[in-house]
Structures are given as C-alpha cells and as structure tokens.
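What follows is a set of notes on a single structure, which appears directly below.
The values are calculated or read from the model by the stated rules, or taken from the named source; none is laboratory data. Note that this is a predicted model, so its numbers are computed, not measured. Neighbour counts are summed over all protein chains in view; Cβ atoms, including those assigned to glycine, are modelled from backbone coordinates with ideal geometry.
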Amino acid sequence: MQSAILRARLESALGERISSPVTDVERRVLESVPTGIAPLDALTGGLPRGAITEFFGPPSSGRTSAMISILSEATARDEVCALVDGNNAFDPKSAAAAGVELNRLLWVRCRKLDQVLKTTDLLLQGGGFGRVVMDLTDLPLSHVRSIPLASWFRFQRTIERTPTVLVVMSPESIVKSAAALVLRMEMRGTDWSTLLNGLNSNIEIVRSQRSRPLKSYVRVYLHSECVR
Amino acid sequence: MFACIYIPNASGDAHAALVHCAKMFSPRAENTSAGTVVFDIEGLERLFGSYSEIATKVAGEARARGLEANVAVASNADAAICAARGFGGITVLNQGTEEKRLRDLPLSVLSPSPEILETLERWGIRTLGAFAKLPAADVSDRLGHEGIQLHKLARGAGLRPLVPHVEPLRFVAVTELDYEIVTIEPLTFILSRMLDGICTRLRSRNLATHEVHLSLGTYVRVLNLPLPVRNPKILTKLLILDLEAHPPGVEVRRVEVEAIPAKPRVVQSGLFVPLSPEPEKLELTLARVKAVVGEENVGSAEILDTHRPDAFEIKKFGVINERGLKPATTGPRSIALRQFRPPFEATVQLRNGLPMWIAFHGVHGPIATASGPWHTSGDWWRPTMWDREEWDIEVLDALYRIYYDVHMDRWYAEGVYD
C-alpha cells in the first residue's frame with residue numbers, strides 16, 4: 001500500500017515531463033526463433049531474440065545436441081553464427097552431419113574462462129550474429145560459478161535491442177535472472193541394440209519470461225546417425 | 001599539334017628520361033614504343049613560344065639529360081613519329097605539308113611487318129612517296145587492313161587519338177621521426193594521421209584498399225583484407241592489433257604506409273537479407289578476438305577429405321554472400337559428440353574381450369553397456385598412421401566414445417556423447 005501511494009505521488013510530481021516514470025521502460029514482445037527441435041519449440045515458443053537462453057545439465061543430457069540443432073537451424077536460414085568454445089570440444093564432423101553450415105559458423109577455441117568472457121563480449125559488441133553460443137560445459141564448475149552476475153546482465157543489456165540470441169551451455173544454472181529462458185536437460189534412458197541407437201532427453205523449463213505453459217517439460221529422442 | 005621525341009636503340013633508362021622530358025611540357029604524353037614518345041602540344045604556344053621554339057626547348061631538355069634526340073612537330077601524332085624517325089635534329093611539319101615532306105623517307109619509318117616490307121620492296125617501292133601514290137583500293141586488295149593503315153600513314157594522314165601514359169597511382173605516406181619509438185602506442189597517432197591522408201586520397205578517386213604495407217624501418221608487415229576498406233579508423237585499429245600480435249622488436253625511426261588501391265565494395269541491401277555482421281566491423285572484431293585467443297583458434301572449420309578421426313582445419317572466417325533458402329531441418333535430432341582434445345588416457349579392464357570397468361580423468365566405474373569394436377585404420381605409409389578399435393560405452397549415466405590404440409597398446413577416452 002505504501003509503495004502504491006509513493007508511486008502515485010511520484011507520478012503526479014513528475015507530471016507530464018516523464019511519462020510513467022516507475023513502470024517498465026518497454027514491455028517488448030520478444031520475437032522468437034526456432035531451435036530445430038519441434039517438441040521444444042512447441043513447448044517454449046522458440047528462443048527469444050535479444051535475450052539470453054541457458055541450457056544446463058550433466059554430461060550426455062543432450063545439451064550439445066540442442067546447441068548443434070540451434071546452429072543448424074540458424075545457418076540453414078543464412079544467418080551467421082558464432083560458437084565460443086570454452087574447452088575446444090566442438091566436433092565439426094558431427095555438426096556438419098547434423099546440418100550445420102560450417103562456413104557460416106565462426107568457431108573460437110578458448111582454453112580459459114576469461115578468454116570465453118572477453119570473446120563473447122567482443123562478438124556481442126561487434127554485432128550481426130544471429131546466434132552466439134557460449135559453451136561452458138567442460139570448464140571447471142568452480143570457475144563457471146565465479147562468473148559475476150553483472151557479466152550476464154551486461155551481456156543481456158548489449159543484445160537486448162538486437163536480433164542476436166545468446167545461448168549459454170553450462171553444467172548448472174548460472175545465468176539466473178539475466179536469462180529470458182532457462183532449460184534443464186537430463187538423460188532419461190538410452191537405446192541400445194548391438195550398437196548405440198540413441199538416447200532420450202528430458203528438457204524442462206526452469207525459467208521463462210513468457211507465460212508458463214501448462215506442461216513444463218518435453219521428452220526428446222536423439223538418434224545416433226550423425227556420430228556413427 | 002603533336003611533338004615526338006625519338007632516340008634510336010634507346011635503353012630502358014633513356015626511354016624513362018624521354019617520358020619525363022615530355023611530361024615537363026604536357027601531361028598528355030604517349031609511351032609509343034622504346035625510344036619514341038609523342039605528346040600533345042596544342043595550346044602551349046603562350047607558354048613556350050612557336051612550335052619550332054617548343055621543339056628546340058624539348059631537344060634542349062633531352063640534351064640536358066644527356067640524350068641526343070630527334071624532335072618533330074606535326075599536326076597528327078603519326079606524322080610526327082614518322083618525321084622524328086626519318087629526319088635528324090628538329091623538324092616542324094606545317095599542316096597540309098605532311099605528305100610532301102615525308103615522301104622521301106624510307107618505308108622503315110612506318111615500322112611495317114617484315115612480310116609487307118618484303119612485298120613492297122619486291123614491287124620496287126622504297127619511299128613513303130612511292131607508296132602513297134598507289135591506289136588505296138588496290139593496296140587494300142593486296143595488302144589487307146595493315147596495308148591500308150600504312151598507306152594512310154605514308155600520306156601523313158594519321159587520325160588516331162593519343163593514348164596518354166598514366167603513371168600507376170601510389171598511395172604512400174612516409175614519416176621520418178626525430179626520436180626512436182620503441183612501444184606501439186605512440187604509433188597509433190602517427191598511423192592514424194598517415195592513414196587519414198591516404199584514405200582521403202582514395203576517397204577522392206572513389207577507391208578503397210584491400211592491402212596495406214607497413215614498413216617500420218626494416219620491419220615490414222602486410223595487412224590483407226578480405227574486402228576493400230577506406231575507413232582510416234578501421235585500418236589504424238587493424239594495423240595496431242596486427243603489430244600487437246607481431247611486435248617489431250626494433251626501434252622505429254621511419255614509418256611508411258602504402259595502400260594498394262582497389263575498387264570499393266558495392267552492396268545492394270534489402271529488407272529480407274538474413275542477419276550477418278558488417279564485413280568491415282567483422283574484420284575488426286576478428287582481429288580483436290585473435291588478440292585474445294590467438295590467430296590459430298579463430299575461424300571456420302573445414303573437414304578434411306580423410307577418414308582420420310577428428311580431421312579438420314581452421315580457415316579464415318569471412319561472411320558468405322551467396323544466399324538461398326534451404327529447407328529448415330525439423331526432423332529427428334541427432335546426438336552430438338564432444339571431443340576431448342587431446343584424448344584422455346584411460347585404464348580399462350576387460351572380460352571376454354569386452355570392456356567392463358574404466359577410469360579416466362575423474363570418471364571411474366563399471367561399464368553398464370558397451371558396443372563395439374569398430375576398427376578403423378589408415379595412412380599406414382605415413383608417420384601419422386592410425387589403427388584403433390572404437391567402443392561406445394555407458395558409464396555412470398553418461399555415454400562416452402573410447403578407443404584402443406593398437407600400436408600404442410593403450411586405451412583412450414575420445415569424447416562424450418551429449
């Protein structure tokens with residue numbers, strides 16, 4: 001009640017000089033781009049442009065497959081993408097087999113966390129990339145946790161009025177409230193015959209700036225054709 | 001009116017001196033052939049006097065350079081050339097008198113082809129006057145197009161336009177310093193000023209540059225750009241980033257910058273063009289990223305045409321211009337492999353030839369499922385040969401690719417399926 005009164009007084013004092021001084025600057029409708037994973041797009045409505053999307057989960061949960069799918073979808077639409085690879089783990093062969101146009105993908109191979117942060121900053125400042133993927137999955141957890149929240153908000157501010165999508169891949173949720181969409185991935189069973197056929201991945205919405213759907217998770221089957 | 005300077009059997013230096021001599025009188029000078037330079041002297045009377053005075057002054061200039069040249073003035077370039085080649089010293093042919101004055105000159109002044117010269121000599125024709133008397137239609141029938149051209153020249157009736165010699169444009173700036181520079185930072189201001197001037201000159205000729213040569217005394221760097229640029233700020237920043245990555249390591253007393261000119265990029269933009277970085281800005285961003293992670297770690301991957309595992313190379317990244325709508329891929333998705341580079345050495349326990357337990361880089365435990373072996377080998381004739389048996393395994397709710405190196409007799413973890 002106190003805050004409502006304070007707000008009314010402020011608005012009347014500032015009058016016509018500033019319209020709506022204590023409301024959000026802009027309630028933008030976030031444009032979305034598809035991930036290439038149809039069930040996930042149906043669940044989330046796609047990845048919001050001008051915002052951060054985070055995928056996190058343990059090894060073999062399908063994070064890299066989601067990343068490859070996002071890049072494949074973007075490069076198929078002639079957009080130029082960048083991958084800031086935290087530990088030089090990207091496999092171009094399986095990415096190309098999954099449909100990523102490698103000549104539209106800028107691959108930056110880093111070895112240290114500060115290189116990842118500086119490079120991401122430069123790429124976002126430079127602008128013009130459809131997707132910038134920041135892959136932190138293989139970096140030590142203690143290092144990843146040490147990234148200050150201010151860095152994420154800086155990234156978010158840099159891209160918020162641009163069509164760039166910043167995708168962060170991490171072992172655990174680190175972007176917190178700076179992310180527009182946070183997705184947890186988990187492996188839910190593998191499919192073996194005499195060889196590895198695929199795996200089931202569970203993708204759950206942890207945080208979304210959009211209205212939360214009735215169902216908060218989706219199960220995706222990832223086959224092994226492109227790696228064998 | 002045209003003047004011609006001629007020296008028989010001129011060397012390269014002598015010819016260059018002739019061109020320079022002609023350029024002192026007129027910017028419209030034609031580099032006709034070795035030892036022959038023709039230039040336009042129309043309208044120079046107010047500056048240098050009558051045509052005979054101009055011819056005398058030209059001969060004097062040539063003499064000052066140590067050259068004894070024949071100088072001829074005529075109403076057309078070809079008549080001037082014939083006169084300079086045929087008469088010694090200074091010759092002035094007034095308009096309308098060319099045919100009469102040239103008639104006693106030998107055919108060699110026309111520089112005909114050996115076949116035509118031989119034919120004319122067989123006919124008993126040895127002077128321009130004799131050749132000019134032949135009917136043009138018959139000359140055309142017997143000697144063809146070249147014969148007609150020579151016939152016109154023999155009558156002193158050349159009408160071709162002059163083809164002026166244009167010096168190749170060079171965009172160079174040089175700064176001599178009073179004191180040595182040992183750090184890169186002060187160079188920023190010097191390079192900025194020099195490139196500003198070069199880019200202004202480039203812009204005035206509607207040109208840009210795709211190659212910049214920087215000489216710091218004996219230290220030389222060449223900056224190759226994927227597309228022509230004429231923004232001095234971008235060029236300065238790129239040169240400074242390049243110098244930071246490759247420091248000169250010498251004291252700098254002299255700075256020379258040369259921009260190789262190129263036609264500027266013309267882009268038709270559109271409303272529905274997909275998102276891509278501006279090429280000039282991208283080049284700067286890439287240079288900055290290279291300064292952070294190293295040049296070899298930035299680019300786009302190119303898969304090599306081999307079955308060797310993890311075979312790729314990094315090539316320079318540039319925005320691709322060709323576009324085309326491709327079907328978006330929304331089918332079933334595939335597992336991706338994350339590579340361990342270099343692979344982790346692993347300890348593997350086998351039972352009946354199947355891996356049962358593994359330990360590597362913080363991962364250890366029983367293998368729940370294993371699929372393999374997939375045997376691959378190649379390049380046996382090279383030192384980089386490989387021979388291995390690959391397995392897909394499930395350990396502690398994660399899927400890995402491991403392999404047994406047959407030659408090393410060791411196990412390695414190559415990557416994780418994710």
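Restricting to segment A:172-203, give me the number of residues that are under 28 Å from residue B:367 (Cα atoms) and of a type outside the set (Ser, Thr, Tyr). Adding up the residues that qualify gives 17.
Checked across segment B:382-394, the condition of being touching a Pro at 6+ places or on another chain (Cβ under 7 Å), buried (at least 20 other Cβ atoms within 10 Å of the Cβ) and under 30 Å from residue A:39 (Cα atoms) holds for at least one residue.
Taking residue A:128 and the conditions (1) closer than 26 Å to residue A:49 by Cβ; (2) touching a Phe, Trp or Tyr at 6+ places or on another chain (Cβ under 8 Å); (3) not hydrophobic (A, V, I, L, M, F, W, C), which numbered condition does it fall short on, given that it satisfies the others? The number of the failed condition is (2).
Here is the figure for segment B:385-404: residues that are charged (D, E, K, R) and either modelled with pLDDT under 90 or over 48 Å from the mean Cα position of the chain (by Cα) (or both) total 5.
Determine if segment B:167-186 includes at least one residue that is part of a helix (DSSP H, G or I) and assigned by TED's automatic domain parsing to the domain that holds residue B:254. Checked segment B:167-186: at least one residue is part of a helix (DSSP H, G or I) and assigned by TED's automatic domain parsing to the domain that holds residue B:254. In this structure, is residue B:359 part of a strand (DSSP E or B) and under 23 Å from residue A:202 (Cα atoms)? For residue B:359, the condition - part of a strand (DSSP E or B) and under 23 Å from residue A:202 (Cα atoms) - is not met. Residues that are outside any strand (DSSP E or B) and either more than 43 Å from the chain's Cα centre (by Cα) or free of Cβ contacts under 8 Å to residues at least 40 places away in the same chain (or both) do not occur anywhere in segment B:364-371. Among the residues of segment A:211-218, none qualifies, meaning not one is away from every other protein chain (no Cβ under 14 Å), crowded, with 19+ Cβ neighbours inside 10 Å and within 16 Å of residue A:48 (Cα to Cα).
Taking the conditions (1) touching a residue at least 40 places away in the same chain (Cβ under 8 Å); (2) not hydroxyl-bearing (Ser, Thr, Tyr); (3) not in a strand (DSSP E or B) in turn, residue B:13 satisfies each one other than (1). Would you be able to say whether some residue in segment A:179-186 is within 14 Å of another protein chain (Cβ to nearest Cβ), within 30 Å of residue B:369 (Cβ to Cβ) and surrounded by 14 or more Cβ atoms within 10 Å (Cβ to Cβ)? Within segment A:179-186, one or more residues are within 14 Å of another protein chain (Cβ to nearest Cβ), within 30 Å of residue B:369 (Cβ to Cβ) and surrounded by 14 or more Cβ atoms within 10 Å (Cβ to Cβ). Checked against the criterion of being more than 9 Å from chain A (Cβ to nearest Cβ), surrounded by 14 or more Cβ atoms within 10 Å (Cβ to Cβ) and at pLDDT 90 or above, segment B:314-335 contains not a single residue that satisfies it.
For (1) in the same structural domain as residue B:131 (by TED's automatic domain parsing); (2) more than 30 Å from residue B:130 (Cα to Cα); (3) not in a helix (DSSP H, G or I), each residue gets a yes or a no:
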| site | (1), (2), (3) |
| --- | --- |
| B:20 | yes, yes, no |
| B:31 | yes, no, yes |
| B:43 | yes, yes, yes |
| B:46 | yes, yes, no |
| B:52 | yes, no, no |
| B:61 | yes, yes, no |
| B:99 | yes, no, no |
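Selection of segment A:77-95 for residues being facing another protein chain (nearest Cβ under 7 Å), among the aliphatic types (A, V, I, L, M) and touching a strand residue (DSSP E or B) at 6+ places or on another chain (Cβ under 6 Å) yields only A:89.
All of (1) touching a helix residue (DSSP H, G or I) at 6+ places or on another chain (Cβ under 6 Å); (2) over 22 Å from residue B:415 (Cα atoms); (3) not β-branched (Val, Ile, Thr) hold for residue A:95 with one exception: (2). Regarding residue B:342, is this residue away from chain A (no Cβ under 14 Å), in a strand (DSSP E or B) and touching a Phe, Trp or Tyr at 6+ places or on another chain (Cβ under 9 Å)? No, not satisfied.
Name the one entry in B:147, B:158 that is small (Gly, Ala, Ser), surrounded by 14 or more Cβ atoms within 10 Å (Cβ to Cβ) and in a loop (DSSP other than H, G, I, E, B). Exactly one of B:147, B:158 is small (Gly, Ala, Ser), surrounded by 14 or more Cβ atoms within 10 Å (Cβ to Cβ) and in a loop (DSSP other than H, G, I, E, B), namely B:158.
Determine whether segment B:340-348 contains at least one residue that is modelled with pLDDT of 90 or more, among the β-branched types (Val, Ile, Thr) and closer than 26 Å to residue A:100 by Cβ.
No, segment B:340-348 contains no residue that is modelled with pLDDT of 90 or more, among the β-branched types (Val, Ile, Thr) and closer than 26 Å to residue A:100 by Cβ.
In segment B:395-411, of all residues being buried (at least 16 other Cβ atoms within 10 Å of the Cβ) and in contact with a Lys or Arg (Cβ under 7 Å, 6 or more places away or on another chain), the one that is farthest from the other protein chains (Cβ to nearest Cβ) corresponds to B:404. Every residue in segment B:133-161 that is among the hydrophobic types (A, V, I, L, M, F, W, C) and within 24 Å of residue B:30 (Cβ to Cβ), please. Hits for segment B:133-161 are B:148, B:150, B:153, B:154, B:157, B:159.
I'd like the full set of residues that are under 18 Å from residue B:93 (Cβ atoms) and outside any helix (DSSP H, G or I), limited to segment B:105-135. Don't jump to the end; show me each part of the working.
Quick first cut of segment B:105-135, residues under 18 Å from residue B:93 (Cβ atoms) only: B:105-106, B:109-110, B:127-129, B:131-132.
Within segment B:105-135, B:105, B:106, B:127 qualify.
The rows are residues; the columns are (1) surrounded by fewer than 19 Cβ atoms within 10 Å (Cβ to Cβ); (2) in contact (Cβ under 8 Å) with a residue 60 or more places away in the chain; (3) within 8 Å of chain A (Cβ to nearest Cβ); (4) over 25 Å from the mean Cα position of the chain (by Cα).
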{"position": "B:264", "(1), (2), (3), (4)": "yes, no, no, no"}
{"position": "B:267", "(1), (2), (3), (4)": "yes, no, no, no"}
{"position": "B:272", "(1), (2), (3), (4)": "yes, no, no, yes"}
{"position": "B:281", "(1), (2), (3), (4)": "yes, no, yes, no"}
{"position": "B:287", "(1), (2), (3), (4)": "no, no, no, no"}
{"position": "B:295", "(1), (2), (3), (4)": "yes, no, no, no"}
{"position": "B:302", "(1), (2), (3), (4)": "yes, no, yes, yes"}
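Remark: residue A:194 falls outside the filter, which requires a residue to be in contact with a Phe, Trp or Tyr (Cβ under 7 Å, 6 or more places away or on another chain) and either more than 11 Å from every other protein chain (Cβ to nearest Cβ) or among the polar types (S, T, N, Q) (or both).
Listed residues A:218, A:168, A:182, A:206; which is touching a residue at least 12 places away in the same chain (Cβ under 8 Å) and farther than 24 Å from residue A:144 by Cα?
Being touching a residue at least 12 places away in the same chain (Cβ under 8 Å) and farther than 24 Å from residue A:144 by Cα holds for just one of A:218, A:168, A:182, A:206, which is A:218.
When the test is whether a residue is surrounded by fewer than 13 Cβ atoms within 10 Å (Cβ to Cβ) and not hydrophobic (A, V, I, L, M, F, W, C), residue B:99 does not pass it. Residue A:150 meets all of the listed conditions (1) assigned to a loop (DSSP other than H, G, I, E, B); (2) of a type in the set (A, V, I, L, M); (3) exposed (fewer than 14 other Cβ atoms within 10 Å of the Cβ) but one, namely (1).
Going by the structure shown, is residue B:68 farther than 18 Å from residue B:162 by Cβ and part of a loop (DSSP other than H, G, I, E, B)? Yes; evaluated as a whole, the condition is true for this residue.
Every test in (1) outside any helix (DSSP H, G or I); (2) within 21 Å of residue B:317 (Cα to Cα) is passed by residue B:291 save one, and that test is (1).
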